[in-house]
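Quick note: the coordinates plus some simple rules give every number you see, no bench work behind them. Being a predicted model, the structure only gives us computed values, none of them experimental. Every residue, glycine among them, receives a Cβ derived from its backbone with ideal geometry; neighbour counts consider all protein chains shown.
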Amino acid sequence: MTEPQFRFDDGAAYEEMMGKWSRSAGEIFLDWLAPPPALRWIDIGCGNGAFTELLVDRCAPAEVAGVDPSEGQLAFARTRPAGRVAQFQQGHAMALPFPDHKFDAATMALVIFFVPEPARGVAEMVRVVRPGGIVAAYAWDMFGGGFPLDPILVELRAMNLPSLMPPSADASRMEALRGLWSAAGLEGVETRKIAVQRTFADFDAFWAASVNGSNAARIVNEMTPSDVEVLKSRVRARLPIDAAGHITYGAHANAVKGRVPA
């Protein structure tokens with residue numbers, strides 16, 4: 001079985017899985033940032049626009065640029081109401097297609113652990129933000145059990161199957177985020193934990209949302225039917241299922257913010 005490639009091209013499936021988790025965490029993240037209105041924002045690794053939509057709805061931005069390498073995700077993002085303000089275009093976190101100091105605020109929502117060289121990604125955020133502007137991010141705590149797909153990740157590992165761990169997972173650690181922001185020369189660096197939870201109607205709803213919208217689908221599709229059933233049984237046993245069959249469990253992210261020196 002091949003290792004999963006971390007690329008997300010189905011915006012609708014991603015919305016059902018990570019888009020909903022992202023917005024829950026994003027609400028708390030924006031409360032913490034408490035930005036003034038009328039800023040020029042860049043949302044790096046915007047995916048299907050779930051967090052970009054929050055920026056438009058919550059922050060009264062003057063301008064929003066959403067950047068992502070996947071045209072499939074961007075196509076979904078452009079169908080959102082946020083498209084009335086946001087402009088979506090293809091691009092990569094380590095080489096943003098914008099001039100220096102163009103924006104007032106740069107964010108990465110659940111992205112930094114997918115950037116091959118996180119320090120270069122942070123440097124690019126700093127480059128495109130004006131002096132005094134905001135640079136911020138949040139990422140699932142991959143080593144602290146904070147990943148929403150952790151019940152599946154743990155059992156894949158136990159069955160010696162490919163991992164869902166992103167390539168730069170270490171960047172999700174709180175101390176790593178603080179170190180990246182400090183090393184980039186940002187001032188007033190602060191961090192915090194963001195805890196969220198979600199309820200699924202039953203195990204089938206959890207499985208469909210969690211697998212179809214993630215790289216788990218690539219792994220599951222290469223498994224034999226019997227192994228899939230074993231995996232599902234093991235995952236089911238890890239989940240808190242109430243008497244009505246509902247599943248409610250939590251995830252948590254680490255967040256960081258700082259300002260470009262004036």
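Computed values, structure above
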| quantity | calculated |
| --- | --- |
| Gain in span if fully extended, Ser182 to Glu27, counting 0.36 nm per residue against the direct Cα distance | 53.3 nm |
| Rounded tilt (10° steps) of 225-238 against the dominant C-alpha axis of the chain | 70 |
| Theoretical gain in end-to-end length, Thr191 to Thr79 [0.36 nm per residue, Cα-Cα removed] | 37.0 nm |
| Antiparallel bridges, percent of DSSP beta bridges restricted to the chain (to nearest 5) | 50 |
| Acute angle (nearest 10 degrees) that the helix 50-59 long axis makes with the longest principal axis of the chain, alpha-carbon atoms | 40 |
| Cα pair count fraction exceeding 14 Å, expressed as % - region 154-196 | 63 |
| Distance in nm between pseudo-label sites at Val230 and Ala60 (7 Å out along the Cβ direction from Cα) | 5.8 |
| Binned Cα-Cα distances of the chain, short to long, each 10 Å bin given as a whole percent | 7, 31, 36, 19, 6, 1 |
| Under 29 Å between alpha carbons - lysine pairs in the chain that sit 8 or more apart or on different chains | 5 |
| Per-pair calculated FRET efficiency, R0 = 22 Å: Glu71 and Asp100 via Cβ, rounded to 0.05 | 0.25 |
| Label-to-label distance, nm, for residues given as Gln89 and Arg198 (7 Å Cα→Cβ offset) | 3.1 |
| Rounded Å value of the spacing that divides the Cα centres of region 183-246 and region 28-66 | 26 |
| Degrees, to the nearest 10: 20-33 long Cα axis against longest axis of the chain | 30 |
| Gain upon complete extension [Ala243, Asn221; 0.36 nm per residue less C-alpha separation] | 4.9 nm |
| Fewest-first sequence of Leu39, Leu74 by Cβ atoms within 10 Å of each Cβ | Leu39, Leu74 |
